[in-house]
Amino acid sequence: MPDSLLPRTPALDEPLEMLEACHDRIEAQLATLERLLAHLPDHGADEQARQAAQAILRYFGSAGPNHHEDEERNLFPTIIARARADDAEAVRSLVRDLLADHGRMASALDAVQRQLVPIAEGRSAALDTESVRQLTSLYRQHIEKENRELLAVSRRLLRADDIEALSHAMTARRSPKHR
């Protein structure tokens, strides 16, 4: 039984747990986006819709890019460097797949963000169902792959000094000086 009934939020000194927790926050934003899509036809860009659109834009405008930078600039190169000959190609292939996902997700996110801006400003209630479906599908598939494969590989390959370096990079990326 857990020590606390309250959910535990990992700190930046637990970078792999932090990345996994970020996936949960992304899922929460995707769920908000789906609720917004259902809300708009009956309510238009009312206050709730504007707030939801603003929250989604804010999250994917700051935390989302940090998450991808954590992976692309720090985690991916480190696990590739740590992979042994017997699994080096599998690790490189996984990283290539995840980077390709990042590109597809960025394009899908851009399409949705362009629609969210006028909703956030109360100027429009138009949100394309197919754009939302594509974005949520891409992200959910990607998150599932990262949780199942990337985090397992990372936990197996990373050394204590790698975890510490990843933690420092993540902390610096989120510091006020970095912004």
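Considering each of Ala126, Ala111 in turn, give the residue that is in a loop (DSSP other than H, G, I, E, B) and either surrounded by fewer than 17 Cβ atoms within 10 Å (Cβ to Cβ) or modelled with pLDDT of 95 or more (or both). Steps first, please.
Numbers: Ala111 fails: in a loop (DSSP other than H, G, I, E, B).
Among Ala126, Ala111, only Ala126 is in a loop (DSSP other than H, G, I, E, B) and either surrounded by fewer than 17 Cβ atoms within 10 Å (Cβ to Cβ) or modelled with pLDDT of 95 or more (or both).
May I ask you to list the residues in the stretch 19-72 that are under 9 Å from the mean Cα position of the chain (by Cα) and under 18 Å from Thr136 (Cβ atoms)?
The answer is Cys22, His23, Asp24, Arg25, Ile26, Glu27, Phe60, Ala63, Gly64, His67, His68.
So which residues in the stretch 51-67 are out of contact with any Cys (no Cβ under 9 Å at 6 or more places or on another chain), crowded, with 18+ Cβ neighbours inside 10 Å and either farther than 30 Å from Val95 by Cα or not aromatic (Phe, Trp, Tyr) (or both)?
Listed by number, the residues that qualify are Ala52, Ala53, Ile56.
Which count do you get for residues in the stretch 132-179 that are among the small types (Gly, Ala, Ser) and surrounded by fewer than 17 Cβ atoms within 10 Å (Cβ to Cβ)? Let's see the steps before the verdict.
First, pick out the residues of the stretch 132-179 that are among the small types (Gly, Ala, Ser): 137, 152, 154, 160, 165, 167, 169, 172, 175.
Then keep just the ones that are surrounded by fewer than 17 Cβ atoms within 10 Å (Cβ to Cβ); that gives 137, 152, 160, 165, 172, 175.
Adding up the residues that qualify gives 6.
Right, Arg155: touching a Lys or Arg at 6+ places or on another chain (Cβ under 9 Å), under 19 Å from Asp87 (Cβ atoms) and basic (Lys, Arg) or not?
Judged against the criteria, Arg155 is not a match.
List the residue pairs whose Cβ atoms are under 8 Å apart, where the first residue sits in the stretch 163-174 and is more than 12 Å from Leu19 (Cα to Cα) and part of a helix (DSSP H, G or I), the second is at pLDDT 95 or above and of a type in the set (Ser, Thr, Tyr), and the two are 6 or more positions apart or on different chains.
As it stands, the answer is Ala165/Thr78, since those pairs meet every condition given.
Filter the stretch 80-108 down to residues that are buried (at least 19 other Cβ atoms within 10 Å of the Cβ) and over 19 Å from the mean Cα position of the chain (by Cα) and give me whichever is nearest to Ile163 (Cα to Cα).
The extreme case among them is Ala83.
Yes or no: Glu47 of a type in the set (Asp, Glu) and in contact (Cβ under 8 Å) with a residue 60 or more places away in the chain? First the steps, then the outcome.
Values: of a type in the set (Asp, Glu): yes; in contact (Cβ under 8 Å) with a residue 60 or more places away in the chain: no.
For Glu47, the condition - of a type in the set (Asp, Glu) and in contact (Cβ under 8 Å) with a residue 60 or more places away in the chain - is not met.
Tell me yes or no: at least one residue of the stretch 62-85 is free of Cβ contacts under 8 Å to residues at least 60 places away in the same chain, assigned to a loop (DSSP other than H, G, I, E, B) and of a type outside the set (Gly, Ala, Ser).
Among the residues of the stretch 62-85, at least one is free of Cβ contacts under 8 Å to residues at least 60 places away in the same chain, assigned to a loop (DSSP other than H, G, I, E, B) and of a type outside the set (Gly, Ala, Ser), which makes the answer yes.
Residues Ala152, Ala120: which one is among the hydrophobic types (A, V, I, L, M, F, W, C), modelled with pLDDT of 95 or more and closer than 17 Å to Ala53 by Cα?
Values: Ala152 fails: closer than 17 Å to Ala53 by Cα.
Ala120 is the lone residue from the list that is among the hydrophobic types (A, V, I, L, M, F, W, C), modelled with pLDDT of 95 or more and closer than 17 Å to Ala53 by Cα.
The values are calculated or read from the model by the stated rules, or taken from the named source; none is laboratory data. What you are looking at is a predicted structure, and each value in this text was computed from that prediction instead of being measured. We place every Cβ from the backbone using ideal geometry, glycine too, and count neighbours over all the protein chains shown.
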